[in-house]
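Report on the structure given below.
The values are calculated or read from the model by the stated rules, or taken from the named source; none is laboratory data. Just so it is clear, the model here is predicted, and its values are computed rather than measured. Cβ placement follows ideal geometry from the backbone for every residue including glycine, while neighbour counts extend to all protein chains displayed.
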Amino acid sequence: MGESPSAASRRPEFRTRLYRHGKLELEALPVAEVSEHLGAPDVLVWIDVIEPDDHALDVVAEELDLHRLALEDALTTHERPKLDRYSEHLFVSATYVRLVDVSGELQLTEVAAFITPTALVTVHEADFPIEEVVRRWDASPDLVHYGVAFLLHGVLDVVVDSHFDAVRSLDDELDQLEDLLFDDTLRGSLVQRRTFEVRKSVVLLRRVVMPMREVVNALMRRDLSVVPPEMVPYYQDVYDHVLRATEWTESLRDLIATVLDTHLTIQGNRLNTVMKKVTGWAAIIAVPTAVTGFYGQNVPYPGFGHNSGFWASTLAIVVLSGLLYMIFRRRDWI
C-alpha cells in the first residue's frame, strides 16, 4: 500500500482465520503454518495483512507462492482498481472511500486481495474497515461452503458500499449548493469555491468507481472459475451497485456543470440589475448637472440676474428628475 510517514512507524499486523467444512475452526493461526492446512480437504484460509511491508508480504508469498509483480502492486499507492490473472492466483486491487464531513474531501484507502482456490489474502492500511467485512462474514455462515468467492464478496461489498455512500453524500452537498445559489446574503466566492471542491471530489471518486465495473464483471466470468453459480446472484447485486454508483457519479458531473453555469448566470443577472440601477440614478443625477451647467453660462439668458431664473432652474431640475425617477421606477430599473 505504499509507506506513508505514519505507516512506516507501524509494524505489520497479521490476522488469520481457518474454516473447515464450512465452519470457523481456528483464528490467529500463525502464517508460517498456513501451508500445512491448505492440503486438507474442504479447508478455507483467510490471511489479513495490515500496514504491510516487504518482509511481511514475503512471508505470505512463501506460504502461498504469490507472484512478485502482484506483491509490488500490493505495496504501491494510487494503484488503479484492477484484476490481474497469474498462473497460481488472481490479484484484485480496489479502493475504499470515505467523505470527510468537515473538509468535504475524499479519503481513499486501497485494499488488495490475492485469490487462490483455497485462500484469500487481504492487504490494506489501518483505515480500511476490516471489522465490517468480518461482521458480514459472520452474519452469513451458511455461505462459507462457497469458499473464497464468499470471502471476496464480503470485501467487495464493503468497498462498493463505500462508493455508493460517497456518491450519496456528494449528491446531498450539491443539493445544499443549489439552495445557496439564490441566497443573496452569501458571497459568490463562497459558493464558487465550494462547488469546485465538490467537483474535485466527484472527479476523484469517478476514477475509483469506473474501473470497479470491469473488476466485478471479470470476476463473474466462467473461465476464471472464481464465482460458483450459487454466488452469482450476490456478485450480480454488487455489480448492480457498481453500475448505479457509476451512473450516479456521471450525473453528478453534469449537475456540477449545471450549478456552475447557473451560478455564473445568476451573477450576470445580478450585475445587470446593479448596472441598471446605477445607470438610472446616474441619469437622474445628470439632470441637475445639466440644468445648473446651462444656467452657469457667462452669457445673458432669460431670467439672468433675477430670482425668476433661479426658480425656473430649480423647477426644471425637480420636474425632470421626478419624471425620470417615475419612468425608471415603473420599468423596475431602480
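Brief remarks follow.
- Annotation: of all residues in the stretch 21-33 being in a strand (DSSP E or B) and touching a residue at least 24 places away in the same chain (Cβ under 8 Å), the one that is surrounded by the most Cβ atoms within 10 Å (Cβ to Cβ) is Leu24.
- Across the stretch 35-56, the number of residues qualifying as over 15 Å from Ala119 (Cα atoms) and crowded, with 20+ Cβ neighbours inside 10 Å comes to 3.
- Within the stretch 107-140, the set of residues being under 14 Å from Val49 (Cβ atoms) and either without any contact (Cβ under 8 Å) to a residue 12 or more places away in the chain or among the small types (Gly, Ala, Ser) (or both) comprises Ala112, Ala113, Ala119, Ala126.
- Among residues of the stretch 136-155, those that are exposed (fewer than 15 other Cβ atoms within 10 Å of the Cβ) and of a type in the set (Gly, Ala, Ser), counted: 2
- Filtered by the rule that a residue be without any contact (Cβ under 8 Å) to a residue 12 or more places away in the chain and in a loop (DSSP other than H, G, I, E, B), the stretch 205-249 gives Arg221, Ser225.
Yes/no matrix, rows are residues, columns are (1) outside any helix (DSSP H, G or I); (2) modelled with pLDDT of 85 or more:
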position: Glu36; (1), (2): no, no
position: Ala40; (1), (2): yes, no
position: Pro52; (1), (2): yes, yes
position: Val60; (1), (2): no, yes
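- Candidates Thr76, Thr95, Thr122, filtered to the one that is closer than 27 Å to Asp165 by Cα, assigned to a loop (DSSP other than H, G, I, E, B) and assigned by TED's automatic domain parsing to the domain that holds Val167: Thr76
- The condition of being touching a residue at least 40 places away in the same chain (Cβ under 8 Å) and part of a helix (DSSP H, G or I) holds for Ala70.
- Residue that is nearest to Ala119 (Cα to Cα) [pool: residues in the stretch 60-70 that are out of contact with any Pro (no Cβ under 9 Å at 6 or more places or on another chain) and of a type in the set (A, V, I, L, M, F, W, C)]: Leu64
- Top-ranked residue in the stretch 1-20 [being loosely packed, with under 12 Cβ neighbours inside 10 Å and part of a loop (DSSP other than H, G, I, E, B); ranked as modelled with the lowest pLDDT]: Ser9
- Only a single item in (1) exposed (fewer than 13 other Cβ atoms within 10 Å of the Cβ); (2) charged (D, E, K, R); (3) at pLDDT below 80 is not met by Lys277, and it is number (1).
- In the set (1) modelled with pLDDT of 75 or more; (2) assigned to a helix (DSSP H, G or I); (3) not hydroxyl-bearing (Ser, Thr, Tyr), the condition left unmet by Gln267 is number (1).
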